[in-house]
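The values are calculated or read from the model by the stated rules, or taken from the named source; none is laboratory data. All values derive from a computational prediction rather than experimental measurement. Here Cβ is always computed from backbone atoms with ideal geometry, including for glycine, and neighbour counts include all displayed protein chains. Keep in mind that these areas ignore ligands, DNA and RNA; they rest on the heavy atoms of the full protein, side chains included. Shrake-Rupley method; radii C 1.70, N 1.55, O 1.52, S 1.80 Å.
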Amino acid sequence: MTHFKDPFNPNIDVWNECGEASTGPADPYAGLSAEDADILRRREKQTLTSEVGMTRALESAVLQGLFKNDVSRRGFLRSAGVTGALAAVASVFPLSSLQLMAEEAMKNLEKTKLTLGFVPITCATPIIGGHALGFYQRYGLDVDIVKTAGWAVSRDKCLNGEYDGSHLLFPMPMAMSLGIGSTAQPWRVVSNVNTNGQAIVLANKHLENQDPANWKGFTFAVPFEYSMHNLLLRNYVADAGLDPDRDIQIRVVPPPEMVANLRSENVDGYLAPDPFCQRAVYDQVGFIHKLTLDLWKQHPCCVFGLSQTFIDENPNTTMALTTAILEATASAETSEGRVAFAESMAPANYLNQPVEILKQILTGVFPDGQGNIKAVPDRISFMPLPTQTMGTWVLSQLRRWNYIDSDTDYATLAEELVMTTTTRETMRAMMAADANLTFSDAEQDVYAPVEIQGREFAPGAAQEFIDSQPFSRTI
């Protein structure tokens with residue numbers, strides 16, 4: 001175990017608040033009593049197993065809850081000594097119980113062999129890359145990930161128990177819970193597996209017709225009815241003065257079939273996930289009209305979803321699985337991780353795409369099909385915290401287009417269906433345990449208003465927002 005992450009060492013900066021160099025102090029035991037130094041050395045020599053890592057995460061979370069910052073923590077440890085601190089903190093929260101909690105989660109997993117579904121798109125990077133790069137194994141899990149052709153199939157396999165958990169579109173656990181388009185079964189949004197990452201693609205013949213007000217009569221594809229793609233496309237054309245149910249056609253097309261449909265002129269364009277936006281450019285059949293981050297920066301797209309039944313029956317497995325996926329998500333957000341994940345996901349059993357295309361998407365340096373090379377580092381992002389603002393917007397838009405057939409308290413419903421608080425606490429504990437791990441979205445205001453196509457959406461005024469929008473079916 002590295003001493004740089006030991007929350008009981010007063011010489012190191014656990015939470016990166018004191019401006020300490022990332023390499024740590026020259027002598028991590030300077031000024032400590034022989035007894036305290038011996039305790040820390042023995043802790044340092046512990047093998048960095050998943051159990052030890054989770055214990056350190058829990059210890060860090062307890063100390064952060066008690067002392068709030070590194071200055072206070074270090075002061076207390078220097079005053080009380082490591083031995084005294086261990087005893088004092090244990091009197092408030094027995095550290096033996098922390099060890100038991102970690103061991104319980106790692107050694108008593110209710111289920112170790114799991115099947116997760118994924119649709120072969122770059123939005124699933126943490127789930128696919130987590131498998132290819134060994135993230136699940138670190139937490140004692142034997143995970144089989146199953147490539148699924150489309151979202152209706154994925155939903156049905158989730159509902160009939162073939163998948164323990166799955167890569168899903170953000171609106172899908174909500175629709176599944178509410179019985180929209182299927183039988184009702186409670187599913188939860190556990191974490192985002194990506195934000196941004198989509199685009200509106202048009203066939204090359206429309207290069208000179210990029211004003212959405214002129215798209216009356218167009219046929220567009222989206223990957224699923226209960227998708228961010230459908231909701232964002234509807235919002236985009238409605239703001240341009242077109243009724244998405246009367247002035248254009250919107251068809252559901254599985255993502256792997258989108259390029260072929262564009263090539264054969266079955267559709268004029270699509271709002272879809274990558275790699276099929278960039279693939280249209282690569283195959284010279286289409287161009288990128290607009291990235292969806294230009295509609296809503298850091299909008300949600302795909303999530304990791306679990307049923308409430310699985311969560312209730314497998315709390316330790318849920319903890320381990322969520323931690324593995326969050327760790328993979330954080331890795332995918334780094335510049336080195338983006339390249340590694342692109343290379344790992346290219347083979348046929350995963351995305352079956354040229355590495356070149358995947359690197360263009362994940363690094364954000366890409367041709368747009370209009371003669372330009374763009375540099376957009378956050379073309380796809382990996383911000384795992386599913387906020388209540390995201391959940392409330394999705395539910396309100398499902399109501400706007402009459403998928404939900406009556407007005408409701410969208411914010412309260414979002415709190416039930418989106419696991420914001422649980423996931424944020426897991427993210428905080430992981431960062432407290434590992435100073436090299438960063439979730440830049442962990443401390444954001446999860447109820448903050450956001451700007452979507454130039455309009456402010458505030459979750460507390462969701463009904464007023466959708467009632468004010470053009471073509472709202474609630475009017």
If you check every pair at least six apart or on different chains, which have Cβ atoms under 6 Å apart with a residue in the stretch 209-223 that is without any contact (Cβ under 8 Å) to a residue 40 or more places away in the chain first and a residue that is charged (D, E, K, R) and surrounded by 12 or more Cβ atoms within 10 Å (Cβ to Cβ) second? Lys216/Asp247
Let me confirm something: among Thr183, Thr125, which residue is at pLDDT 95 or above, part of a helix (DSSP H, G or I) and in contact with a helix residue (DSSP H, G or I) (Cβ under 8 Å, 6 or more places away or on another chain)? Thr125
Sole miss for Val153 among (1) open to solvent by 30 Å² or more (accessible area, probe 1.4 Å); (2) among the aliphatic types (A, V, I, L, M); (3) in contact (Cβ under 8 Å) with a residue 60 or more places away in the chain is condition (3)
Quick one: which helices (runs of 4 or more DSSP H) lie wholly within the stretch 316-400 and hold at least 1 residues that are surrounded by fewer than 16 Cβ atoms within 10 Å (Cβ to Cβ)? 335-345, 355-363
In this structure, is Leu233 under 24 Å from the mean Cα position of the chain (by Cα) and open to solvent by less than 20 Å² (accessible area, probe 1.4 Å)? yes
Look through Asp239, Asp243 and report the one residue that is open to solvent by less than 50 Å² (accessible area, probe 1.4 Å) and acidic (Asp, Glu). Asp243
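Listed here are the residues, each with its yes/no results for (1) among the acidic types (Asp, Glu); (2) touching a helix residue (DSSP H, G or I) at 6+ places or on another chain (Cβ under 8 Å); (3) outside any loop (DSSP other than H, G, I, E, B); (4) under 28 Å from Gly269 (Cα atoms).
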| position | (1), (2), (3), (4) |
| --- | --- |
| Pro120 | no, yes, no, yes |
| Ala152 | no, no, yes, yes |
| Cys158 | no, yes, yes, no |
| Ser177 | no, yes, yes, no |
Counting only residues that are touching an Asp or Glu at 6+ places or on another chain (Cβ under 9 Å) and open to solvent by 20 Å² or more (accessible area, probe 1.4 Å), how many does the stretch 187-205 have? 2
Filter the stretch 29-60 down to the residues that are at pLDDT 85 or above and part of a loop (DSSP other than H, G, I, E, B), then identify the one that is surrounded by the most Cβ atoms within 10 Å (Cβ to Cβ). Leu32
